[in-house]
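One structure is given below, encoded as structure tokens.
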Amino acid sequence: MTTMIEVKGVEKQFTLHNQGGASFDVLKGNDLSVTAGECVVLHGQSGAGKSTLLKALYANYKVNNGSISLRDGEELVDITTALPRRIIALRERTLGYVSQFLRVIPRVPTLQVVMQPLLDLGEEEAVCEAKAKELLSRLNVPQRLWTLAPSTFSGGEQQRVNIARGFIVDYPILLLDEPTASLDAANRRVVVELIDEAKQRGAAIVGIFHDEDVREAVADRLVDLRAL
Amino acid sequence: MNEVQSWQDIEPLLSVRNLTKFYSPGKGCGDVSFDLYPGEVLGIVGESGSGKSTLLNSLSNRLRPDSGEILYNSEQFGELNLYAAEESERRILMRSEWGIVHQHARDGLRMNVSAGANIGERLMAVGERHYGDIRQRALQWLEAVEIEAGRIDDKPSQFSGGMQQRLQIARNLVTHPRLIFMDEPTGGLDVSVQARLLDLLRNLVANLGLSVIIVTHDLAVARLLAHRLMVMRRGEVVESGLTDQVLDDPQHPYTQLLVSSILQN
């Protein structure tokens, strides 16, 4: 199988310069390898560094040591040394990330929020709209909300909008940071289906899931991160 | 993989090398270097007095630096070493390929002529002569920045602050510039007006593939618009990188202080 993610010896230390220079190690020499079509679930107690590793995989957090190589077509890109514009290009086509919370942009309606990543790739508007509507329907976001900006939505509704946005592009690599945290059982099942479909088309997925049922349904492998 | 190759072949639009301009020690900007690529939005953040505006003025041909180089890849003139270039070339650049959005709209508009004339003037400066065409283009741009067509003959002094700012943007964009400099474009506007302007800017920048250098002290504005950030303090760039990385995992003590000073909602 094609390796999509190759993490070697990643170290991450946080230093709080304005709080007496307090510093703590969160990742200490972690390795991780994920192949196409595989879903790896990060496991470990709170504070073990699950979210930190996921954010490092998205180049949202900087690591102090080690390498994180992501496959972009024929190329392996080490995102710990890549230029910002290389990472932006990677995020557009290759690397998707669904966080726990939607970052709402004032005035932008739900349908547009969901469509945007696919529109940015140059896909036709009608195609993007159809796919966005399909995802919102599957995730049980009521149709009357689609034309509204999600700023006033409930936490669960915002999260489902966020999931729809994260799944609108068929990213070869997908990072999921507790996407089911405030969802009911029915919607958790929809997310499990979406993850299964992504795996079937060959996506490499790394996720954090607190619900045991979701974890068991999607995980091919659990990776244990021990708190230091 | 064609996409990946074309991605690597692109030349920078602007290359800045060791740019330095000091009024007095610690006042100005020192030794700034970066490349800006087509379609990229670079945010310059920092507190007042950090040298952001000095840097922006130097970059945008309005303040000759003490030392350093600005190389611009011009559509009309090829590679241009900005402050070594002919005055005439620089003037043409300023009214065609470049645009400047000032914090105070009155610095970028002519307040005593109509909105239509404000937009048309820049078109005439690049050689447009047909009155009907110019008026038509002015109308299109008023619509693009959400100003009613019926206001075309009104003077900017009759507009609200937000409308003036949108008019200034239309005036800049009408000649299809490739590079826009913005100095606190939402500063001094009400929050509701800011949101509308930001939304507009975000769409225009993405749809037109503009390269933008934007100075702001508002980190939320920076997060929304900029692909990457440079953080300035006392005239120096203390940190730079991908916008969300700089804001979510700031490395430098000063950036950490800036980020931690924002109220969370």
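A few points about this structure:
- Within segment B:184-206, the set of residues being more than 10 Å from chain A (Cβ to nearest Cβ) and more than 16 Å from the chain's Cα centre (by Cα) comprises B:188, B:189, B:190, B:193.
- Only listed residue being open to solvent by 20 Å² or more (accessible area, probe 1.4 Å), touching a residue at least 40 places away in the same chain (Cβ under 8 Å), assigned to a helix (DSSP H, G or I) and closer than 26 Å to residue B:59 by Cα, chosen from B:121, B:89: B:121
- When residues of segment B:124-138 are limited to those that are open to solvent by less than 50 Å² (accessible area, probe 1.4 Å) and touching a helix residue (DSSP H, G or I) at 6+ places or on another chain (Cβ under 7 Å), the one nearest to residue B:165 (Cα to Cα): B:138
- With respect to the conditions (1) open to solvent by less than 60 Å² (accessible area, probe 1.4 Å); (2) under 19 Å from the mean Cα position of the chain (by Cα), residue B:30 lacks only one, and its number is (2).
- Looking only at segment A:98-114, residues that are open to solvent by less than 60 Å² (accessible area, probe 1.4 Å), more than 22 Å from residue B:193 (Cβ to Cβ) and among the hydrophobic types (A, V, I, L, M, F, W, C) come to 4 in all.
- Per the conditions (1) within 14 Å of chain B (Cβ to nearest Cβ); (2) open to solvent by less than 60 Å² (accessible area, probe 1.4 Å), the sole criterion not satisfied by residue A:37 is (1).
- Which numbered condition residue A:136 misses (of (1) in contact with a Ser or Thr (Cβ under 8 Å, 6 or more places away or on another chain); (2) within 24 Å of residue A:57 (Cα to Cα)): (2)
- Lone unmet requirement of (1) of a type in the set (A, V, I, L, M, F, W, C); (2) in a strand (DSSP E or B); (3) open to solvent by 20 Å² or more (accessible area, probe 1.4 Å); (4) touching a helix residue (DSSP H, G or I) at 6+ places or on another chain (Cβ under 6 Å) for residue B:63: (2)
- Of the criteria (1) modelled with pLDDT of 95 or more; (2) under 28 Å from residue B:256 (Cα atoms); (3) open to solvent by 20 Å² or more (accessible area, probe 1.4 Å), which one residue A:84 fails: (1)
- Residue A:47 in a loop (DSSP other than H, G, I, E, B) and under 25 Å from residue A:170 (Cβ atoms): no
- A search for C-beta distances below 8 Å between a residue of segment A:54-75 that is over 12 Å from residue A:12 (Cβ atoms) and any residue that is among the aromatic types (Phe, Trp, Tyr) and modelled with pLDDT of 95 or more, counting only pairs 6+ apart in sequence or on different chains, returns A:58/A:97.
- Some residue of segment A:185-193 being open to solvent by 10 Å² or more (accessible area, probe 1.4 Å) and within 12 Å of the chain's Cα centre (by Cα): no
- Residue match in segment B:154-163 (condition: at pLDDT below 95 and among the charged types (D, E, K, R)): no
- Taking segment A:1-24 as the range and being among the hydrophobic types (A, V, I, L, M, F, W, C) and either in a loop (DSSP other than H, G, I, E, B) or within 21 Å of residue B:253 (Cβ to Cβ) (or both) as the test, the residues that pass are A:1, A:14, A:16, A:22, A:24.
- Among the residues here, residue B:116 does not qualify as in a strand (DSSP E or B), modelled with pLDDT of 95 or more and either within 14 Å of the chain's Cα centre (by Cα) or surrounded by 13 or more Cβ atoms within 10 Å (Cβ to Cβ) (or both).
- Options B:218, B:248; residue that is among the charged types (D, E, K, R) and either over 27 Å from residue B:192 (Cα atoms) or at the interface with chain A (Cβ under 9 Å from one of its Cβ atoms) (or both): B:248
- Qualifying residue in segment A:55-65 (condition: more than 23 Å from residue A:225 (Cβ to Cβ), within 12 Å of chain B (Cβ to nearest Cβ) and hydrophobic (A, V, I, L, M, F, W, C)): no
- Residues within segment A:159-182 that are buried (at least 22 other Cβ atoms within 10 Å of the Cβ) and more than 12 Å from residue A:96 (Cα to Cα), tallied: 5
- Taking the numbered list (1) touching a residue at least 60 places away in the same chain (Cβ under 8 Å); (2) buried (at least 17 other Cβ atoms within 10 Å of the Cβ); (3) in the same structural domain as residue B:18 (by TED's automatic domain parsing) in turn, residue B:167 passes all entries but (3).
- Within segment A:68-81, the set of residues being within 10 Å of chain B (Cβ to nearest Cβ) and open to solvent by 40 Å² or more (accessible area, probe 1.4 Å) comprises A:74, A:75.
- If the condition is being over 20 Å from residue B:121 (Cβ atoms) and either in contact with a strand residue (DSSP E or B) (Cβ under 7 Å, 6 or more places away or on another chain) or assigned to a loop (DSSP other than H, G, I, E, B) (or both), then segment B:143-177 contributes B:146, B:148, B:160.
- Taking segment B:180-193 as the range and being more than 21 Å from residue A:120 (Cβ to Cβ) and touching a Gly at 6+ places or on another chain (Cβ under 8 Å) as the test, the residues that pass are B:181, B:188, B:189, B:190, B:193.
The values are calculated or read from the model by the stated rules, or taken from the named source; none is laboratory data. Owing to the predicted nature of the structure, the values given are computational and were not obtained by experimental measurement. Cβ: placed from backbone, ideal geometry, glycine included. Neighbour counts: every protein chain shown. Just the protein is used for accessible areas: all its heavy atoms, side chains included, with ligands, DNA and RNA removed. Shrake-Rupley method; radii C 1.70, N 1.55, O 1.52, S 1.80 Å.
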